[in-house]
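The values are calculated or read from the model by the stated rules, or taken from the named source; none is laboratory data. Quantities reported herein were computed from a predicted structural model and do not represent experimental measurements. Cβ placement follows ideal geometry from the backbone for every residue including glycine, while neighbour counts extend to all protein chains displayed.
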Amino acid sequence: MIHEMKLNESPFERIKNGTKTIEFRLYDEKRKKVKIGDKIEFSKLPDLQEKILVDVLDIYRDETFENLFKKIFTDKNEIARKTKSMYQFYSKEQEKQYGVVGIRIKLLNYNYRYEYNKLVRDKIPEEINNELGRKCKYRILDDTEYLKELNKKVLEEANEFIEENSIEELGDLMEVINAIMKLKGYNMKDIERVMKAKEERKGAFNNKIFLEYVDEEKRNLEEEKELNKEFRKN
């Protein structure tokens with residue numbers, strides 16, 4: 001069985017380089033499920049993109065971190081230091097409620113998994129799988145998922161264009177917009193007609209007008225709703 005756990009950068013890196021071989025935790029419901037012979041997949045905080053897989057070799061149990069450390073270590077200063085450090089993450093009340101556990105582990109490999117969970121261009125999986133030491137997993141979306149991911153992609157590409165203002169990033173943004181047009185059955189003539197109608201009613205963006213504020217005699221709830229949309233806050 002493979003268990004999933006999150007880990008801060010420092011202990012994560014020490015497991016990778018072999019200097020950390022025991023992971024100490026509260027013996028809560030999640031840790032009670034871990035058995036010798038199981039595997040644990042650790043994800044590195046904060047972004048959880050890098051992962052390592054370890055084998056569970058042994059499990060040590062006790063009521064307090066101090067008592068547990070006395071079973072494993074002999075140096076009194078080390079025991080005191082480790083005990084103090086655990087209370088930075090867990091309270092004594094939690095310790096009393098759950099007890100504690102030490103999980104002896106062995107790094108199985110140095111394979112890293114980077115999770116993207118996003119829409120990519122059609123040839124990306126093939127390119128990845130053709131590179132030595134890289135393999136990917138992907139699936140085909142249905143139309144509902146596809147539109148949802150295209151909407152996310154618009155924001156991603158728009159932000160990248162904002163960062164660089166390059167023609168390449170503008171091309172990426174247009175590529176996503178074209179994909180949405182195809183999915184929705186829109187054509188350029190229809191879009192141009194809508195654009196023309198709105199330009200006639202409200203104008204375009206040619207005159208570089210920057211609206212600072214509007215004073216109104218009465219509260220305008222519709223205007224407040226519009227101004228409070230999440231994408232406007234930055």
Restricted to the range 69-97 and to residues being among the acidic types (Asp, Glu) and exposed (fewer than 12 other Cβ atoms within 10 Å of the Cβ), the residue nearest to the chain's Cα centre (by Cα) is Glu93
Of those in the range 10-29 that are basic (Lys, Arg) and at pLDDT below 95, the residue farthest from Pro46 (Cα to Cα) is Lys20
If you go through Lys6, Lys30, Lys35, the only one that is loosely packed, with under 13 Cβ neighbours inside 10 Å, in a helix (DSSP H, G or I) and touching a strand residue (DSSP E or B) at 6+ places or on another chain (Cβ under 8 Å) is Lys30
Sole miss for Glu13 among (1) outside any helix (DSSP H, G or I); (2) surrounded by 14 or more Cβ atoms within 10 Å (Cβ to Cβ) is condition (1)
Tell me whether the range 98-113 contains one or more residues that are in a helix (DSSP H, G or I), assigned by TED's automatic domain parsing to the domain that holds Val54 and surrounded by fewer than 10 Cβ atoms within 10 Å (Cβ to Cβ). no
Going through the range 171-202 in order, the residues found to be of a type outside the set (Asp, Glu) and over 30 Å from Lys148 (Cα atoms) are Arg201
Report task. For the range 178-192, state whether one or more residues are among the hydroxyl-bearing types (Ser, Thr, Tyr), closer than 30 Å to Ile52 by Cβ and in a loop (DSSP other than H, G, I, E, B). Result -> no
Are any of the residues in the range 83-94 in contact (Cβ under 8 Å) with a residue 24 or more places away in the chain, over 30 Å from Ile177 (Cβ atoms) and not in a loop (DSSP other than H, G, I, E, B)? yes
